[in-house]
Amino acid sequence: MTFIASLRGQEHVLEVDDHDHADGQYTVRLDGEEHTLDARFMPSDITSVLIDGKSYDVDLDRSGHTRDPLDSHLLVHVRGRVVHLEMLEQRRKRLKDMQETLQHHEGPPAIYSPMPGKVVRVLVQQGDRVSHNQGLVVVEAMKMENELRAPKDAVVKRVAAQPGQTVAAEQMLIELA
């Protein structure tokens, strides 16, 4: 599985071979450099990790974590340091980047489908007042449901999508005012 980790404005590719993870053993590549990990989850929510034979106690803090699957901000506590990290599985990272790009189209604010898919649910109606980050429509793509959210406080001007409808990438789903 491939992840994209953003740390201090730089993106890093983390590939995890999870074929032998049952015993806590992982082979990972960070930006192409291979490492061996042995991870043990402790009752205290701290993970004891051996990376290339060096021991680390790691605590992941997701206290700011929302229910949004595209919210991937973590605080990683290791060796007395706190590192702010954003990490997403590669497909989710592409989806997030696409969604952010599409929300900045010229013209009236609107929500566009980030990729081809099928509308599963429309969560708002014309005339509804919506708040920043409120779910508006759910699109299924690549067998995953993706809730598209309001980029700001607004009023729903027009709903252009219906449940069950197949949509193309960049197709407008909801127009806001």
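The values are calculated or read from the model by the stated rules, or taken from the named source; none is laboratory data. What you are looking at is a predicted structure, and each value in this text was computed from that prediction instead of being measured. Neighbour counts are summed over all protein chains in view; Cβ atoms, including those assigned to glycine, are modelled from backbone coordinates with ideal geometry. Side chains included, ligands, DNA and RNA excluded: accessible areas come from the protein's heavy atoms. Shrake-Rupley method; radii C 1.70, N 1.55, O 1.52, S 1.80 Å.
On a 1.4 Å probe surface of the protein chains, which of His77, His84 comes out largest in accessible area, and what is the full order?
His84, His77
Could you rank Ser131, Ser48 by how accessible they are, 1.4 Å probe, largest area first?
Solvent-accessible surface, decreasing: Ser131, Ser48.
With a 1.4 Å probe and every protein chain kept in, tell me what percent of the accessible surface of the chain is carbon plus sulfur.
Working: 5490 of 10820 Å².
The C+S portion of the solvent-accessible surface of the chain is 51 percent.
With no solvent and one equal point scatterer placed on each C-alpha of the chain, evaluate the Debye formula and give log10 I(q)/I(0) for q = 0.20 Å⁻¹, two decimals.
-1.28
For Lys118, list the lysines whose Cα falls under 27 Å from its own Cα; do not include residues on the same chain fewer than 8 positions away.
Within the straight-line limit of under 27 Å, Lys118 reaches these lysines: Lys93, Lys96, Lys143, Lys152, Lys157.
List every residue whose amide H lies under 5 Å from the amide H of Val130, counting only residues 5 or more places away in sequence or on a different chain, with H placed 1.01 Å from N in the peptide plane.
The list, which skips near neighbours in sequence, is Ala154, Val155, Val156.
Search the structure for amide H atoms under 5 Å from the amide H of Met115, placed 1.01 Å from N in the peptide plane, and list their residues when 5 or more places away or on another chain.
When sequence neighbours closer than 5 places are left aside, the close amide H contacts are Glu170.
Relative to the Cα centre, what is the charge dipole magnitude of the range 103-177, using +1 at the beta carbon of each Lys and Arg, -1 at the beta carbon of each Asp and Glu, and rounding to the nearest 20 debye?
That gives the range 103-177 a dipole magnitude of about 120 debye.
Quick one: what are the phi-derived ³J(HN,Hα) couplings along the range 150-163, Karplus 6.51/-1.76/1.60 with θ = phi - 60°, whole Hz, x for glycine and proline?
Per-residue couplings from phi come out as 5, x, 6, 5, 6, 10, 6, 7, 7, 9, 9, 10, 10, x Hz.
As a check on your grasp of the helix formula, calculate [θ] at 222 nm for the chain: sum -39500 (n - 2.57) over DSSP H runs of n ≥ 4, divide by the residue count, round to the nearest 500. Numbers along the way, then the final one.
Working: 1 runs with 13 residues, N = 177.
My calculation for the chain gives -2500 deg cm²/dmol from helical runs alone.
Give the accessible surface of the chain per residue, rounded to a whole number of Å², with probe radius 1.4 Å and ligands, DNA and RNA excluded.
Working: 10820 Å² over 177 residues.
Here the per-residue accessible area is 61 Å².
Return the whole-Å distance between the Cα centroid of the range 29-45 and the Cα centroid of the range 114-135.
38 Å
Select from Met1, Ala160, Gly80 the residue farthest towards the positive end of the dipole of the chain; place +1 on Cβ of Lys and Arg, -1 on Cβ of Asp and Glu, and compute about the Cα centre.
Toward the positive end, the furthest listed residue is Ala160.
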